[in-house]
Structures are given as C-alpha cells and as structure tokens.
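Have a look at the structure below, then the notes.
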Amino acid sequence: MDQPVGSPQDAQSLPVCYRHPDRETGVRCTRCDRPICPECMISASVGFQCPECVRTGSGTGHAPDAARPRTLAGGSIAADPRLITKILIGINLAVFIAVKASPSLVHDLYLIGTWPPAPFQTTSGVADGEWYRLVTSMFTHEAIWHFGFNMLSLWWLGGPLEAALGRARYLALYFGSGLAGSALTYLLAAPTTASLGASGAIFGLFGATAVLMRRLQYDMRPIIALLVINLIFTFGWSNIAWQAHIGGLVAGVVIGYAMVHAPRERRSLIQYGTVAGVLAVAVLLTVLRTLQLT
C-alpha cells in the first residue's frame with residue numbers, strides 16, 4: 001500500500017515489496033496496487049500481478065482503485081525500456097550519414113552565433129533568427145570518434161535512465177540538458193565559433209545518473225570517476241565546447257533531482273515544471289545573447 005506522505009520511506013527510498021519487506025521495488029500489482037518485487041511479478045495481459053491476486057482473483061483487467069505499474073519517477077513501465085534511446089541513436093546516425101554523404105550539409109546544422117563576422121553582412125546564425133540550430137547541433141557530428149563516443153555514452157547511460165524515469169520524462173531530460181548546453185555555448189562562446197555534437201545532452205545524462213544512483217544508495221564511485229575523466233578531457237583538450245558540457249551537466253542534475261525526488265502527490269507538476277524552468281532559462285540566455293549580438 002502507499003506510504004503516508006512525508007514518511008521517511010516515502011522521502012528516502014522506494015516502496016518495499018509487500019511479500020518481501022527487504023526488497024525495494026518500483027512496480028505495483030495492476031489489480032491491488034501493492035508493491036511487488038521481480039520474484040513476485042506474474043505477467044498479466046497488462047503489466048504484472050502479485051501471486052495473491054492471481055491465486056484468489058477472477059477475471060482480468062485493473063481493479064477500480066488499482067494503478068498501472070510505475071517507474072521510480074512515476075512513468076509508465078514499457079515493454080522495451082530502451083526504445084527512446086534507440087530512436088535517439090538512430091537519429092544521430094542518420095544525420096551523421098547524411099553529413100558524410102553531403103559535407104556541405106553540416107553548415108546548415110551546426111550551432112553558430114553569427115556568420116560571417118563584422119563588418120560583413122550577417123547571413124546566418126542563431127543571432128539571425130536561426131534558433132533551430134540549438135536543436136540540430138545536438139544531433140550533428142563530423143568526426144567518427146566524436147560520434148562513436150557520444151553514442152556509446154548514450155547507450156550506456158540512456159538505457160538505465162529511460163527504464164528508471166519512463167519515456168516521456170527521459171526525453172524531457174535529454175532535450176532539456178541538450179538545449180541548456182546549446183544555450184550556454186551560444187552565450188559564452190565566440191559568435192563565429194561553430195559547435196556541434198550531442199555532448200551537452202550526454203553530460204545531462206551523466207548528471208541525472210549520479211542523482212539517481214545517490215537516490216538508490218548505489219556506489220557512486222564509478223560514475224564520479226567517469227565524470228571526472230570526462231571533465232578532464234573537457235578542459236584539457238582543445239576544440240571542445242566546454243560550455244555545452246557544463247550547461248548540460250548542470251541541467252541534468254537539476255532535472256534529474258526533480259525527477260527522482262518529487263513527492264508523489266505533486267510529482268508531475270514538479271517534474272515538468274522543473275523542465276519548463278530549465279527551458280525558460282535557456283530561452284532567456286538565448287534572447288540576451290541575441291540582443292547583444294544584434
């Protein structure tokens with residue numbers, strides 16, 4: 001049964017299986033709504049049911065007061081918990097192949113503030129109204145090593161996060177982090193500097209993963225070590241848009257915290273409100289930089 005709002009367990013950990021109190025779980029029986037661990041899950045036509053409901057119940061479908069199985073963050077549990085991650089990788093791959101087939105295409109996709117530089121007439125760039133570059137640059141790569149590293153990171157980090165958050169919340173995290181990284185790059189980088197890659201969104205996944213691991217009380221040393229290594233590369237390697245990495249990381253931590261710590265009674269409001277707040281900040285930074293450049 002649901003924990004009382006404000007109880008230590010509600011604030012600090014997942015519900016525990018009603019048959020195995022030592023096991024935390026994010027899944028509930030679709031008929032009685034009690035938390036059940038993997039050992040107690042029995043596949044039903046929709047979601048999972050507990051052994052007692054299967055043994056004593058009749059008929060199918062949800063009980064009137066039952067809830068669908070939910071993830072830790074309140075999202076629906078999907079049959080394929082990596083579907084959105086696969087789609088994102090597919091989009092990145094399609095854009096990468098298109099850029100390799102037509103190299104001039106990259107000039108229409110990368111993030112750049114204004115081009116050509118003064119005193120020449122501005123013909124392209126975010127400052128000239130091409131705000132779409134904040135998004136297209138998130139899916140554009142030129143170097144194979146850059147593409148490969150980002151896609152491996154997306155697969156390793158994205159799959160577990162998608163399963164823990166649910167598809168909609170995971171997608172909101174990805175785009176919120178990516179756009180925050182693009183906005184900070186636009187604000188701080190030279191306006192004639194071209195930037196591309198999914199790194200802002202990837203660093204957002206790093207940040208959200210750290211928050212999730214802390215929430216579940218997992219050993220955080222591996223993710224911290226991996227994040228430190230990536231930050232060393234960020235500031236120690238030339239031609240890397242560190243602004244995108246930092247912007248995405250900060251947004252990922254903020255959004256991730258809201259996703260896994262929001263109280264159940266106001267969960268969706270806090271989660272999507274936080275995402276909206278991050279996007280509002282990104283828009284504000286973009287407007288301010290545009291006013292500065294024009």
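FYI, it's all coordinate maths here, none of it is from the lab. These numbers were taken from a predicted model, which means no experiment stands behind them. All Cβ positions, even for glycine, are placed from backbone atoms using ideal geometry, and neighbour counts span all protein chains on display.
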Report, in degrees rounded to the nearest 10, the 0 to 90 angle that the Cα long axis of helix 167-188 makes with the longest principal axis of the chain. 20 degrees
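Sort Ile202, Ile91 so the one with the fewest other Cβ atoms within 10 Å of its own Cβ comes first.
Fewest to most other Cβ atoms nearby, the residues stand as Ile91, Ile202.
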Can you list the residues, at least 5 places off or on another chain, whose amide H is less than 5 Å from the amide H of Phe48, using H built in the peptide plane? Thr30
J(HN,Hα) series, segment 264-280, from Karplus relation 6.51 cos²θ - 1.76 cosθ + 1.60, nearest Hz, glycine and proline x: 4, 5, 10, 4, 5, 4, 5, 4, 6, x, 5, 4, 4, x, 4, 5, 5
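Suppose every Lys and Arg Cβ carries +1 and every Asp and Glu Cβ carries -1, with no other charges. What dipole size does segment 83-293 come out with about its Cα centre, to the nearest 20 debye? Mind showing how you got there, number by number?
Values: 12 positive and 7 negative charges, 130 e Å.
Here segment 83-293 has a charge dipole of around 620 debye.
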To the nearest 10 degrees, the tilt of helix 144-165 (Cα long axis) against the first principal axis of the alpha carbons of the chain is 30 degrees
Would you mind computing, in nm to one decimal, how far apart the modelled labels at Asn239 and Leu269 are, each placed 7 Å from Cα along Cα→Cβ? 5.0 nm
Using the Karplus equation 6.51 cos²θ - 1.76 cosθ + 1.60 (θ = phi - 60°), what ³J(HN,Hα) coupling, rounded to whole Hz, does each residue of segment 23-28 give in order, writing x for Gly and Pro? 10, 7, 7, x, 10, 10
Be a star and scan segment 91-120 for residues whose amide nitrogen sits under 18 Å from the point 7 Å along the Cα-to-Cβ vector of Glu130. 95-96, 98-100, 102-120
Helix-only mean residue ellipticity at 222 nm for the chain, each DSSP H run of n ≥ 4 adding -39500 (n - 2.57), per residue, nearest 500: -18000 deg cm²/dmol
Filter the chymotrypsin sites (Phe, Trp or Tyr not before Pro) in segment 180-241 to those in DSSP coil with at most 15 other Cβ atoms within 10 Å of their Cβ, and list the result. Tyr218, Trp237
Using a 7 Å offset from the Cα along the Cα-to-Cβ direction at both Ala143 and His261, what is the distance between the two label points in nm, to one decimal? 3.6 nm
Taking the Cα atoms only, what angle lies between the long axis of helix 242-261 and the longest principal axis of the chain, rounded to 10 degrees? 20 degrees
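Using only C-alpha positions, report the orientation-averaged shadow area of the convex hull of the chain, nm², one decimal.
On the way: hull surface 69.9 nm².
Mean projected area for the chain: 17.5 nm², to one decimal.
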